[in-house]
Amino acid sequence: MSGEGVSSSGESDGSGDGEGSGGGGGGTQPAPARILVVDDDPTVAEVVTGYLRRAGHTVESVADGPAALARAALLRPDLVVLDLMLPGLDGLEVCRRLRAAGPVPVIMLTARGDEDDRIAGLERGADDYVTKPFSPRELVLRVASVLRRAAAAGAAVAGAAEAPLTGAGITLDPATHRAAKDGRELALTVREFDLLAHFLRYPGQAHGREELMREVWGWDFGDLSTVTVHVRRLRAKVEEDPGRPKLIQTVWGVGYRFEPGEVAAA
């Protein structure tokens, strides 16, 4: 994909897509949405806002963390584009509070290339991330992809609720978004919950990391190490000995396989 690159300073540098670029998923164009852009760099905010408005969305922008929370409470946006480095309250904490208040989709913007920062954003509930410098056109496609996924998830919730899943002492209820092992509730992040649910739905089946990114989280692009980190953290919560996992096994050259024994709907 071609397009202007927006740097962390807000300047167009003529570069192509940033890390993890891709098609943003297929499907039809989502309906126009209310989007809140949060970035303290006025040039970046102006460029992002302009591209999203040209895509048909209603867009507002604010420049700091407290203003983002206040405006989100009034606007009730369909999606938030959120910079990681913000004055007043950083993007990670803003994301955590936004998701605690409701299921609003969040795309994080970050100038940092460190894996821990990307993982931290996803752990706080961010739906996607874009690393600066980035192509504004790529961001528009990612916004469309996240909005489509959010709409599909809402339709699924409105439809028939999925029955709880069980296996290896684990009980997971998609309707209440709660999981427990041997009667002890598991403190899972959104990403970990979705990954465990996928494993329970397909016991004994080997899954590649690209497949897990696509099927579990709907990402058609991104850093595959993200999957590795989520698997490691999930193992720490469900395995007796995470260093010698028996449930979530590594399939060398492929990915991972969940071996819980018999799995059935509760």
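The values are calculated or read from the model by the stated rules, or taken from the named source; none is laboratory data. All values reported here derive from a predicted model rather than from experimental measurement. Please note that ligands, DNA and RNA were not included when accessible areas were found on the heavy atoms of the full protein model with its side chains. Shrake-Rupley method; radii C 1.70, N 1.55, O 1.52, S 1.80 Å.
Values for this structure:
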read-out	value
Difference of contour (0.36 nm per residue) and Cα-Cα distance, residue 76 to residue 210	44.9 nm
Probe 1.4 Å, all protein chains present, accessible-area order of 76, 257, largest first	76, 257
Euclidean distance of C-alpha centroids, segment 86-106 and segment 63-80, integer Å	9 Å
3J(HN,Hα) from dihedral phi, segment 162-169, Karplus parametrisation 6.51/-1.76/1.60, rounded to Hz, x for glycine, proline	6, 5, x, 10, 9, x, 6, x
